[in-house]
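Undergrad: Please see the structure below; I have some questions.
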Amino acid sequence: MTYSFTTPQKRPLFNLLDKIWIVLFAFAIVFIFFIFAIYEFRIVLTHSSISGKKEEMVQTAEQIKKSEEHYLILLEQSQIAAQFKEKNQNIKNSLKNLFDMTLKTGGISFDSVEQDEFALKLTGVSPTKEMFALLLETPLKSIFDETNTSYYKLNNGWYRFVSISKILGTQDER
């Protein structure tokens with residue numbers, strides 16, 4: 001005997017409201033894992049970017065160190081060049097004054113003037129040894145480290161001279 005006019009239906013395990021809540025809960029969990037995965041991916045990218053920047057910084061520091069060493073070498077070479085220029089200018093001015101003084105006297109004449117890196121060779125004719133010694137040999141001794149002069153008497157009473165002057169200190173410095 002039945003007390004109801006309708007036949008009973010099986011009741012579902014989850015009703016519609018329960019299914020909606022389960023779907024929303026699953027969507028929330030999937031969304032949270034998706035956001036977590038995005039942040040993990042960004043963290044990995046950031047770490048790789050940081051390591052790349054560290055390598056770049058190390059390379060830049062090495063380049064700066066090499067550039068500083070190169071700068072110090074160039075600075076030293078520049079100072080050496082300035083010293084050579086100053087010394088060469090002083091020698092040039094001294095020799096110009098020497099030759100000007102010789103031309104004004106009119107007594108001493110040069111046959112040849114040969115100059116190399118560390119020496120000056122003068123050959124010519126002088127009326128007396130003393131005139132050459134006063135006008136040329138003394139100034140040459142003040143310019144150069146070593147000065148040697150040889151005289152040969154000519155038939156007319158004048159003297160042919162060969163004077164070799166050398167700078168000794170710069171050969172050892174190089």
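Undergrad: Quote the FRET efficiency, to the nearest 0.05, computed for Ser78 versus Ala133 with a Förster distance R0 of 30 Å and r equal to the Cβ-Cβ distance.
TA: Step by step, r from the Cβ atoms, then E = 0.15.
Undergrad: Within the chain, which is the longest segment containing none of the chymotrypsin sites (Phe, Trp or Tyr not before Pro) that sit in a DSSP loop and have at most 11 other Cβ atoms within 10 Å?
TA: Result for the longest clean stretch: 15-174.
Undergrad: Also, quick follow-up: Just subtract the alpha-carbon distance of Thr60 and Asp116 from 0.36 nm times their residue separation and send over the number in nm, one decimal.
TA: 15.6 nm
Undergrad: Would you tally the net charge around Pro139, using a Cβ to Cβ cut-off of less than 12 Å, leaving Pro139 out, and scoring K and R as +1, D and E as -1?
TA: Net charge in that neighbourhood comes out at 0.
Undergrad: Here is a further query. How large is ³J(HN,Hα) for each residue in the range 56-62, as worked out from phi by the Karplus curve 6.51 cos²θ - 1.76 cosθ + 1.60 (θ = phi - 60°), to whole Hz, x for Gly and Pro?
TA: Here the 3J(HN,Hα) series is 5, 5, 5, 5, 5, 5, 5 Hz.
Undergrad: Still on this structure: Could you work out the relative contact order of the range 12-138, using alpha carbon pairs under 8 angstrom and six or more residues apart, expressed as a whole percent?
TA: The normalised contact order for the range 12-138 reaches 12 percent.
Undergrad: Are there GluC sites (Glu not before Pro) in the range 72-162 that DSSP marks as loop and that have at most 13 other Cβ atoms within 10 Å, and which are they?
TA: Glu117
Undergrad: Taking the alpha-carbon distance from Lys129 and a cut-off under 16 Å, which lysines remain once sequence neighbours fewer than 8 residues away in the same chain are dropped?
TA: Counting by Cα, and skipping residues close in sequence, Lys129 has these lysines nearby: Lys141, Lys153.
Undergrad: Right, another one. Counting other C-beta atoms within 10 Å, and keeping those with at most 11, which DSSP coil trypsin sites (Lys or Arg not before Pro) do you find in the range 1-46?
TA: Within the range 1-46, the qualifying trypsin sites (Lys or Arg not before Pro) (loop, at most 11 other Cβ atoms within 10 Å) are Lys10.
Where a number appears in this text, it was derived from the coordinates with a stated rule and is not lab data. Keep in mind that what you see is a predicted model, and the values were worked out from it rather than measured. When we count neighbours, we look across all protein chains shown, and the Cβ atoms used for this are built from the backbone with ideal geometry, even at glycine.
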